[in-house]
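Shown next, in structure tokens, is the structure this report addresses.
Read-outs: derived from the displayed coordinates by stated rules, not from any lab. These numbers were taken from a predicted model, which means no experiment stands behind them. Glycine gets a Cβ as well: all are built from the backbone with ideal geometry, and neighbour counts include every protein chain shown.
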Amino acid sequence: MTKPTTMRRLPRQARGEQRIAAILQAAAQVFYEVGFDAATTDMIAQRAHTAIGSLYDFFPNKEAIAQRLCEQFCEDLRVLFEGILTDELVQVPLSQLIDDILDPLVQYHQTHPGFQALWLQSQGDPRLARMHQDLTEALTRKTAWIFARRYPKSDEASALRSSQICIRTVQALLPLAGDGPDLDSQIIAELKTMIQAYLQAVFGSESEM
């Protein structure tokens, strides 16, 4: 039998919203420390300093908590990338462009422990998988738009293909750096080097733009 993954009810007052925020923050920390499978609602309630009954007022199980967290992560990343992927990136040096895109993403991973483990766990949920796909497609289109204007000698198909490769590379390799505050900075540095070398090979050096 499939477990329900929706909230039991929405908060009606600020106090209820604060309780949900505390539960979600506690859940992210518990998922980070022990993993999704080992986590329990009792652990989450204890970390949130709330009664287990209060947790169940809003969430039927840990799967529903995980879904709400993933929805929050998706919205956070959408807003984050809207602020990052601006027209200014068309003119900055390539190394700065890569830093300006990756550094805020890395910082988000560092300040949101449990993101990686929970994100991988959520891929079996069709609705969350669709949210992730929509976010990836929007990010890919905007990055392709930036590439097309940075490198006017390239065609739109090349810009889109290169954007897809860069985005998928980051999604595939960033988990290797770990999760939470202890991300491996060397892996991040090598990921940046890889992307820069790839873009230079495809579009040419800065002097050839």
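Taking other C-beta atoms within 10 Å as the exposure proxy, Lys192, Lys62, Lys153 rank Lys153, Lys192, Lys62 from fewest upward.
With the gyration tensor restricted to C-alpha atoms of segment 23-129, the semi-axes of the equivalent ellipsoid amount to 33, 13, 12 Å, longest first.
Taking the mean number of other Cβ atoms within 10 Å as a proxy for protection, how do you rank 157-166, 14-23 from highest to lowest?
Peptide ranking by packing, descending: 157-166, 14-23.
Both radii come from the Cα set of the chain: Rg as radius of gyration, Rh as Kirkwood radius; their ratio Rg/Rh reads 1.05.
At 222 nm, what value in deg cm²/dmol follows for the chain if DSSP H runs of at least 4 each add -39500 (n - 2.57) and the sum is divided by all its residues, to the nearest 500? Please report the intermediate quantities before stating the final value.
Working: 9 runs with 146 residues, N = 209.
Taking each H run of at least 4 residues, the total per residue is -23000 deg cm²/dmol.
Taking 37 °C and 0.692 mPa s as conditions, segment 14-62 diffuses translationally at an estimated 313 µm²/s according to Stokes-Einstein applied to its Kirkwood radius (Cα pairs).
Shown here are the Rg and Dmax of the Cα trace of segment 78-163, at 14.7, 42 Å.
Panel values: segment 137-196, Kirkwood radius from alpha carbon pairs, Stokes-Einstein at 4 °C and 1.567 mPa s, translational diffusion coefficient 104 µm²/s.
Charged neighbours of Ala22, selected by a Cβ distance under 11 Å, balance to +2 (K, R count +1; D, E count -1).
Using θ = phi - 60° in the Karplus curve 6.51 cos²θ - 1.76 cosθ + 1.60, the 3J(HN,Hα) couplings for segment 25-39 round to 5, 5, 4, 4, 5, 5, 4, 5, 7, 10, x, 5, 4, 7, 5 Hz; x is entered for Gly and Pro.
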